[in-house]
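Q: Below is one structure. I have some questions about it.
The values are calculated or read from the model by the stated rules, or taken from the named source; none is laboratory data. Because the structure is predicted, anything quoted here is derived from the model rather than measured. As a convention, Cβ positions derive from the backbone with ideal geometry for all residues, glycine included, and neighbour counts pool all protein chains shown.
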Number of protein chains: 2
Amino acid sequence: MEVDPADLVVPGGRGSAVVVECGQVIDIVNTFGSQVVDFWAFCRETPAEFLSMPHCRSVLEKLHFTRGDALYSNRRRKILEIVEDTSPGVHDSLLAACDVERYRLLGVHGYHANCADNLREALGPFGIALDSVPAPWNIFENVSVEGGRLEIRPPLSRAGDRVRLRALDDLVVVLSACPMDIVPTNGADCTPRDVAYRVQ
Amino acid sequence: MEVDPADLVVPGGRGSAVVVECGQVIDIVNTFGSQVVDFWAFCRETPAEFLSMPHCRSVLEKLHFTRGDALYSNRRRKILEIVEDTSPGVHDSLLAACDVERYRLLGVHGYHANCADNLREALGPFGIALDSVPAPWNIFENVSVEGGRLEIRPPLSRAGDRVRLRALDDLVVVLSACPMDIVPTNGADCTPRDVAYRVQ
């Protein structure tokens, strides 16, 4: 897919943070089709309030959030709305962000880029330090839930698929183009790739 | 069920905190059978490390944790082990703790006791203050997951059912006998009841 010159790029395996003001929308574009984007949102004025997967599941009473759904903070306040989703709508709300320990358990020796560190690094310039990494919304991540068993499968999204979210408060949004290259989170070829985003 | 005199009681709708040292076990007994217990565990020395539902799901690759499973912290460290479970093994890992906002959304005016405040109050004497309430392990809570839809149903547990957990680190454990009296979290009669626990 051709990237629009107005789009910003998150390089594969890296993270970015951006302010999305109340009423603005952010488009997250799966440029190559199979890249998972770990997504977080923190209230700009009070970052101890943030997008919370357990609260979204509790209020919405479902695992998969779709077009028209509001997304909730850890204070059960609507802080985002899913305005558009051109993908098959499969996004994970269950798994933790990958972190150094995840790769260690997968047998990696030494450092491996990971979404948790991407988050911390991206938040640095905003003066937000985290004691603990909130569970991300894993956009485009395809985790099957069959009989209570979870399995990470290649994404069902296609090149150019886009999720558009409207901010319902002033937010600091973080996107991490997940660096996973061992299990098929980012496709059968296990290769992290760029994604694009635009705020307007 | 007769309560053993050595057992401690969490009154229905209230919370308790207790230290469980590395190697000790804690029994959580559903005295009357249908009471949900919101469960948290914080590392005593470094309470920023705590039992984490998304990390448990990610490492164990399942929604329901059963006998023999270790339970993981937000640093993917094993901090508990399920030694015994005489209940049907249905415990929720998906929902947030009930909080003031939960009851407000359910139409309650004014204050309603809730698991999030029970947690904060119970942790006070241990000098642990929380910016955000981690998702609890909701012991005995029966949340059906069908086609990605979540529904709270009366517990499947019976009077006297017991979950025994072994601590793999020195922990501050918090139990909240969930105060929910509007939806059937705690049984079809929506009545919070006492539970018992013992550390040995």
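Q: Of the conditions (1) crowded, with 18+ Cβ neighbours inside 10 Å; (2) away from chain B (no Cβ under 14 Å); (3) among the β-branched types (V, I, T), A:V9 fails just one. Which one is it?
A: (1)
Q: Kindly indicate the residue of the stretch A:141-156 that is surrounded by fewer than 21 Cβ atoms within 10 Å (Cβ to Cβ) and in contact with a Gly (Cβ under 8 Å, 6 or more places away or on another chain) and also nearest to B:L130 (Cα to Cα) among those meeting that condition.
A: Among those that are surrounded by fewer than 21 Cβ atoms within 10 Å (Cβ to Cβ) and in contact with a Gly (Cβ under 8 Å, 6 or more places away or on another chain), it is A:V145.
Q: Of (1) of a type in the set (F, W, Y); (2) within 13 Å of the chain's Cα centre (by Cα); (3) not in a strand (DSSP E or B), A:F32 satisfies all except one. Which?
A: (2)
Q: Now for a separate question. Is at least one residue of the stretch B:151-161 under 21 Å from A:S73 (Cα atoms) and among the basic types (K, R)?
A: no
Q: Sticking with this one: Has the stretch B:149-166 got any residue that is free of Cβ contacts under 8 Å to residues at least 60 places away in the same chain and out of contact with any helix residue (DSSP H, G or I) (no Cβ under 7 Å at 6 or more places or on another chain)?
A: Checking the stretch B:149-166: at least one residue is free of Cβ contacts under 8 Å to residues at least 60 places away in the same chain and out of contact with any helix residue (DSSP H, G or I) (no Cβ under 7 Å at 6 or more places or on another chain).
Q: Please verify whether the stretch B:15-24 includes one or more residues that are within 14 Å of another protein chain (Cβ to nearest Cβ) and surrounded by 23 or more Cβ atoms within 10 Å (Cβ to Cβ).
A: For the stretch B:15-24, residues within 14 Å of another protein chain (Cβ to nearest Cβ) and surrounded by 23 or more Cβ atoms within 10 Å (Cβ to Cβ): absent.
Q: Pull out all pairs, ordered by first then second residue, where Cβ-Cβ is under 6 Å, the residues are six or more apart or on different chains, the first lies in the stretch B:74-96 and is within 9 Å of chain A (Cβ to nearest Cβ), and the second is buried (at least 24 other Cβ atoms within 10 Å of the Cβ) and in a loop (DSSP other than H, G, I, E, B).
A: Listed by first residue and then by second, the contacts come to B:N74/B:S52; B:A96/B:A135.
Q: OK, next. Find all pairs meeting these conditions: Cβ atoms under 9 angstrom apart; at least six residues apart or on different chains; first residue within the stretch B:26-38 and within 13 Å of B:W137 (Cα to Cα); second residue at pLDDT 95 or above and of a type in the set (D, E, K, R).
A: B:I28/B:R162; B:I28/B:R164; B:I28/B:R198; B:V36/B:D92; B:V36/B:E141; B:V37/B:E141; B:D38/B:E141
Q: Another question about this same structure. Please specify each residue of the stretch B:40-64 satisfying the condition of being touching a strand residue (DSSP E or B) at 6+ places or on another chain (Cβ under 7 Å) and more than 10 Å from chain A (Cβ to nearest Cβ).
A: B:W40, B:A41, B:F42, B:C43, B:R44, B:L51
Q: Does B:R104 satisfy being basic (K, R) and either within 25 Å of B:R57 (Cα to Cα) or in contact with a strand residue (DSSP E or B) (Cβ under 7 Å, 6 or more places away or on another chain) (or both)?
A: Judged against the criteria, B:R104 is not a match.
Q: Only helices (runs of 4 or more DSSP H) wholly contained in the stretch A:53-168 count here; list those with 2 or more residues that are within 25 Å of A:E21 (Cα to Cα).
A: A:53-60, A:115-123
Q: May I ask you to say which residue of B:H112, B:H91 is closer than 22 Å to A:S73 by Cβ and of a type outside the set (V, I, T)?
A: Result of the check over B:H112, B:H91: B:H112.
Q: Within 13 Å of chain B (Cβ to nearest Cβ), crowded, with 18+ Cβ neighbours inside 10 Å and not aromatic (F, W, Y): which single residue out of A:N138, A:N118 fits that description?
A: Criteria check complete, one pass: A:N138.
Q: Please work out which residue is modelled with the highest pLDDT, limiting yourself to the stretch B:123-135 and to residues that are in contact with a strand residue (DSSP E or B) (Cβ under 8 Å, 6 or more places away or on another chain) and facing chain A (nearest Cβ under 10 Å).
A: Residue satisfying both the conditions and the ranking: B:P134.
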